Amino acid sequence: MKFKYPDEITIALVTLIDDRNKEVAVPDKIERIISLSPAVTEILFELRLGDKVVGVTPFCVRPDGAKKKKKVASYGYANTEWFAQLKPDIILTVTGYQTAVADQLSPLFPTYSFGIPSSLSGVIDLATKVGIVVGEADRGREIERELIEDLKKVKIGKSKEVYFECDLGSPVTFGSLSYITDVLHYMNFKSIYAGMMKEWLYPDFEYVKKRDPEFIIIEPKMFSRREENLIEKLVKERNWDQLSSYKNGKMFLTPGPYDFFAHHGPSLVREVLPWLESIS
């Protein structure tokens with residue numbers, strides 16, 4: 001059954017077109033938000049709307065306050081009974097892997113989907129877009145300016161080849177359509193898969209050996225226990241012991257137990273770029 005606002009409350013609605021090309025009737029005054037995107041959740045807190053966030057996913061861990069919110073969905077599953085109890089004014093999702101969930105929720109609740117950025121500038125622009133949708137456009141643009149200033153502080157090193165891998169249940173890498181490739185490129189890390197016209201793909205470990213990139217960056221699965229010898233284990237499994245990156249100490253695991261590159265909120269600019277600078 002479609003969620004209805006209480007009869008005694010009159011709410012003005014604005015019709016927006018989201019990045020699924022769907023019409024979404026958004027209340028002009030939003031008090032209760034469910035966010036199913038870790039990046040969007042981080043932005044909402046930076047918009048100073050953390051107290052209006054009433055539901056998130058288990059992957060919404062930035063900032064710390066997001067961890068305390070009720071977990072109502074995962075990337076591919078949503079409990080509509082919980083949603084009805086929480087009475088959201090709007091549900092915010094992203095396209096791609098969450099499209100099916102957004103399509104499930106749209107007939108029941110106002111559900112707005114943002115496109116996953118394909119570039120670093122798109123990551124920054126997302127703060128503005130979220131701000132506009134939730135009625136905090138000015139603050140969204142302030143965050144955009146802050147992130148641009150953060151970009152200016154990062155020192156870009158010399159050009160080098162890199163292989164980047166992320167564990168999303170199995171090892172994947174990223175092509176030219178991914179913001180991850182663009183972020184690496186901004187910092188002068190030229191991905192060996194940058195020529196692939198895809199957002200993501202399964203890597204060929206023999207191809208990695210053939211290209212012998214100067215750097216290798218591995219992002220373990222979110223929440224996984226970081227094995228001290230994980231690099232050595234992967235090198236042995238893949239026969240990578242002759243790679244220049246391994247012999248020269250240029251194979252790196254991303255820091256911390258959470259998504260790092262695989263998170264397109266403001267912390268991508270504030271944490272990932274300085275880290276890339278530090279290993280250059």
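The values are calculated or read from the model by the stated rules, or taken from the named source; none is laboratory data. Since we're looking at a predicted model, the values are computed, not measured. Using ideal geometry, Cβ is built from the backbone for each residue, glycine included, and neighbour counts are taken over all protein chains shown.
Some points to look at:
- Exclusive hit being surrounded by fewer than 16 Cβ atoms within 10 Å (Cβ to Cβ) and either over 28 Å from residue 45 (Cα atoms) or charged (D, E, K, R) (or both), set 165, 149, 136, 144: 149
- Some residue of the range 73-94 being within 25 Å of residue 143 (Cα to Cα) and without any contact (Cβ under 8 Å) to a residue 40 or more places away in the chain: no
- Qualifying residue in the range 162-185 (condition: of a type in the set (S, T, N, Q), farther than 18 Å from residue 260 by Cα and modelled with pLDDT of 95 or more): yes
- Once the range 133-176 is narrowed to residues that are touching a residue at least 40 places away in the same chain (Cβ under 8 Å) and touching a Gly at 6+ places or on another chain (Cβ under 6 Å), the residue that is nearest to residue 112 (Cα to Cα) is 140.
- All conditions in (1) under 27 Å from residue 147 (Cβ atoms); (2) at pLDDT below 95; (3) among the charged types (D, E, K, R) hold for residue 103, with the sole exception of (1).
- Qualifying residue in the range 103-126 (condition: under 30 Å from residue 87 (Cβ atoms), over 18 Å from the mean Cα position of the chain (by Cα), surrounded by fewer than 21 Cβ atoms within 10 Å (Cβ to Cβ) and among the polar types (S, T, N, Q)): yes
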